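Read-outs: derived from the displayed coordinates by stated rules, not from any lab. Remember, it's a predicted structure, so these values are computed and weren't measured experimentally. Ideal geometry is used to build each Cβ from the backbone, glycine not excepted, and the neighbour counts take in all protein chains shown.
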Ligand code: GDP
Ligand code: MG
């Protein structure tokens, strides 16, 4: 099947909505309502194969953990976003990752994940160094993509990589 239910997860302010809007509608908003959770459907060709994407741009704070359980259960592929300028968004990745494994009842390497280091246009004020980002990606067994929703770069690659991961995992099943 060509359907991919993609979930964009990450700390508030990391750039989930910006990346999603950039990919789906190709524009950048300086301020997008941080409380809006929305789902976008689009059809794209990835590696000459059609992919029908439904992209869930999640929102909300830690207290909506039950909500996150629900998103994680419903989706089959995940983009984990943090901002290179915001250390806390990097630290919080572990929480998302552990919850994901728990909800999916999966071991590391059994859930399709792509890790996005966003706001790379601001790398001169970065709060997370490249080595630890690499380590995190290896630990999650996830491809790592450096992106900027603003500039933009790495955005299309991020979503396409997620589709590839999804295909890869589905083949193995
Ligand atoms: P979300 O809470 O994860 O959905 O984050 P948003 O997409 O709403 O982005 C939070 C803030 O960061 C907004 O002010 C965005 O304009 C800004 N932002 C998002 N992506 C980038 C980026 O790649 N570069 C820069 N410089 N700012 C960004
Ligand atoms: Mg948002």
Residues 23, 169, sorted so that the one with the fewest Cβ neighbours within 10 Å comes first: 169, 23
MRE, 222 nm, helices only [DSSP H, n ≥ 4, -39500 (n - 2.57), over the chain, to nearest 500]: -11500 deg cm²/dmol
For region 32-159: rounded, prolate or oblate by the Cα gyration tensor [a/c cutoff 1.5]: rounded
Region 1-102 shape via C-alpha gyration tensor axes, a/c threshold 1.5: oblate
Cα shape, region 18-71, gyration tensor, a/c 1.5 rule: oblate
Residue with peak Gaussian network fluctuation, the chain [Cα springs, cutoff 10 Å], from 66, 51, 162: 66
Inter-centroid distance (Cα atoms) of region 150-173 relative to region 99-133, Å: 14 Å
Per-residue Cβ neighbour rank within 10 angstrom, fewest leading, 103, 4: 103, 4
Order of 7, 42 under a 10 Å beta carbon neighbour criterion, fewest first: 42, 7
